[in-house]
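The values are calculated or read from the model by the stated rules, or taken from the named source; none is laboratory data. These numbers come from a predicted model, not from an experiment. Here the Cβ is made from the backbone with ideal geometry for all residues, glycine too, and neighbour counts use every protein chain on show.
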Amino acid sequence: MTGAEYYKEYQGTSASGGDELCMSRTAVREGSRVLVIDDLVATGGTLIAACDLLASQKAVIVECACMVELKMLGGYARLAERHSGVQVWGMISEDILLNNGEPDEGTD
């Protein structure tokens, strides 16, 4: 078993306030192409830990996807610092949550 400890915007379950993601050492092989899916990306702690864990096993992270991305909290920027080139695709961002259903300026 291998693991990666991470910290979120709120206190986790460990004594240090973090949490840990774990996976079997045989879950991915070197060179395995992986898509990481997260429900919500806020500060990026869980997503970065998942990518750290996969990178430690020499997996190729093809892309990260999430249902909701809260861009204002900078999770994508933090991920890009640690794992440059890994793209995050969000189904919904706070942009659509904040515009009251009105189209963005400049869109048709």
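Quick rundown of the values:
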{"quantity": "Selection status of GLU63, at pLDDT below 90 and assigned to a strand (DSSP E or B)", "calculated": "no"}
{"quantity": "Subset of region 46-60 [farther than 16 Å from TRP89 by Cα, of a type outside the set (A, V, I, L, M) and part of a helix (DSSP H, G or I)]", "calculated": "ASP52, SER56"}
{"quantity": "Test: residue in region 16-26 that is touching a helix residue (DSSP H, G or I) at 6+ places or on another chain (Cβ under 7 Å) and at pLDDT below 95", "calculated": "yes"}
{"quantity": "Residue that is exposed (fewer than 13 other Cβ atoms within 10 Å of the Cβ), at pLDDT below 85, over 17 Å from SER84 (Cβ atoms) and over 11 Å from the mean Cα position of the chain (by Cα), where the choices are GLU9, GLU5, GLU30", "calculated": "GLU9"}
